[in-house]
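*Asks:* To start, I am sharing the structure in question, which I have written as structure tokens.
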Amino acid sequence: MPRRQVIRYLLLILFSLPGWVMAGAEVREFAVPDGDHPHDVAPAADGGVWYTAQHAGALGWLDPASGATRRIPLGDGASPHGVIVGPDGAAWVTDSGLNAVLRVDPHNQAVRRFAPPAGTPYMNLNTAAFDARGILWFTGQAGYYGSVDPDSGEVRVFEAPRGRGPYGISSGADGNIYYSSLAGSHIARVNPETGVAEVIEPPTPRQGARRVWGDSQGHIWVSEWNAGRLGRYHTATGQWREWPLPGDRPRAYAVYVDAQDQVWVSDFGGDAIWRFDPVTEAFESITLPSRNAMVRQIHGRPGEVWLAESATDKLALIRTPVE
């Protein structure tokens, strides 16, 4: 084996050891009100951070400078799951309790509800993503996916091709929308023009594809919950790669790709947060101050990675060097 390959092989082994800790990362936690059970998190346009206070039926907002929080009630029966920031700067919430998508105005906190067509069954709404045209797409774990046109207010709902399971969702660099099916153990590509979903099979059967996130290189990254692996699908070639998370019984939950195309994964089985470098194929661990935080979603902006600690009623911030 050439010397260069030997060195690379040894580095991969070293960086993949479970105890390898990421250098240069500053970690800080922020407490949110007791019982909020923050599920998802999204950096706000004003420098704050939105989070879904799932058990409080509210959308929360955190000021990282002071640590102050405020809640915006979402209505009777609300149980918000996902939150993202749209092209309009507003917070968009997928609410499983209300069976609707909500828009929260960041200035006056007004809540607008986008309900599905009459007669639509309960969908168990999970997460959302915007396509290049500014149309919001959402998943429903009961076996649905759909779209919301913010301008017209039209809501379209589609039955998932294999029923129950749609959970994570992301836009791809190719202009399509991709969702993962937890119960169906696959991902699907949605044509944003027609709304038709095409099933894409990962190489590992029954892997439990939970969340997805697109990078700038045309890949879709997949957290494989049952298999404890990080998967990658190339949208142009159809090629798959998978990497097992370090540890004995990993359970990959959240996945996020930052502005430098570094991949972040939360591991319930190992109580760990990992950053994966696609170039070196090395995992680095980040230790949170709180144990058993149960991070269900990760998001960020340049130099900041935000995590929702659903089990501790905290948000965590990892500051990273910006290249």
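*Asks:* What figure in square angstrom, to the nearest 10, would you give for the accessible area of Phe130 with a 1.4 Å probe?
*Replies:* 30
*Asks:* Once you have a ≥ b ≥ c as the square roots of the Cα gyration tensor eigenvalues for the range 42-105, tell me rounded if a/c is under 1.5, and otherwise prolate or oblate according to whether a/b is larger than b/c.
*Replies:* Taking the square roots of the gyration eigenvalues as a ≥ b ≥ c, the range 42-105 is oblate.
*Asks:* For the chain, modelled as a Gaussian network with Cα springs under 10 Å, which listed residue fluctuates most, Thr280, Thr94, Thr194?
*Replies:* Thr194
*Asks:* Report the net charge of residues surrounding Ser66, where surrounding means a beta-carbon distance below 15 angstrom and charges are Lys +1, Arg +1, Asp -1, Glu -1.
*Replies:* Combined, the nearby Lys, Arg, Asp and Glu give -1.
*Asks:* Ok, one more. Under a crude label model (7 Å from the Cα following the beta-carbon direction), how far is Arg156 from Glu193 in nanometres?
*Replies:* 1.2
*Asks:* I've got another one for you. Where does helix 3-15 land angle-wise versus the long Cα axis of the chain, in degrees 0 to 90, nearest 10?
*Replies:* 50
*Asks:* Let me ask you something else. Run the simple label-point estimate for Met294 and Arg28 please: 7 Å along Cα→C-beta, distance reported in nm.
*Replies:* Result for the modelled spin labels: 2.7 nm.
*Asks:* For the range 184-253 and the range 123-168, what is the separation of their C-alpha centers, rounded to whole Å?
*Replies:* Between the Cα centre of the range 184-253 and that of the range 123-168, the gap is 18 Å.
*Asks:* In the full protein assembly as shown, how much of Leu315 is accessible to a 1.4 Å probe, in Å² to the nearest 10?
*Replies:* Accessible area, nearest 10 Å²: 0 Å².
*Asks:* Suppose all protein chains stay in the model; what accessible area per residue would a 1.4 Å probe give for the chain, in Å²?
*Replies:* Each residue of the chain exposes 42 Å² on average to a 1.4 Å probe.
*Asks:* Heavy atoms only, 1.4 Å probe, whole protein assembly: order Asp88, Asp271 by accessible area, highest first. Walk me through the numbers before you get to the answer.
*Replies:* Numbers: Asp88 75, Asp271 40 Å².
Largest accessible area first, the list is Asp88, Asp271.
*Asks:* For the chain, calculate the relative contact order in percent as a whole number, restricting contacts to Cα pairs under 8 Å that are 6 or more residues apart.
*Replies:* For the chain, the relative contact order is 15 percent.
*Asks:* Quick one: 3J(HN,Hα) in Hz for the range 234-245, Karplus 6.51/-1.76/1.60 with θ = phi - 60°, rounded, Gly and Pro as x.
*Replies:* My calculation for the range 234-245 gives 8, 5, 8, 9, x, 7, 10, 9, 9, 10, x, 5 Hz in order.
*Asks:* Can you compute the helix-only [θ] at 222 nm over the chain? Use -39500 (n - 2.57) per DSSP H run of at least 4 residues, normalise by all residues, nearest 500 deg cm²/dmol.
*Replies:* -1500 deg cm²/dmol
*Asks:* Counting pairs of alpha carbon atoms under 8 Å apart in space and at least six apart in sequence, what relative contact order in percent does the range 217-284 give?
*Replies:* 23
*Asks:* Roughly to the nearest percent, how much of the accessible area of the range 97-222 is carbon and sulfur, given a 1.4 Å probe?
*Replies:* 46
The values are calculated or read from the model by the stated rules, or taken from the named source; none is laboratory data. This is a predicted model, so every value here is computed, not measured. Positions of Cβ are backbone-derived with ideal geometry, glycine not excepted, and every protein chain shown enters the neighbour counts. Surface accessibility is based on the protein's heavy atoms, side chains included, excluding ligands, DNA and RNA. Shrake-Rupley method; radii C 1.70, N 1.55, O 1.52, S 1.80 Å.
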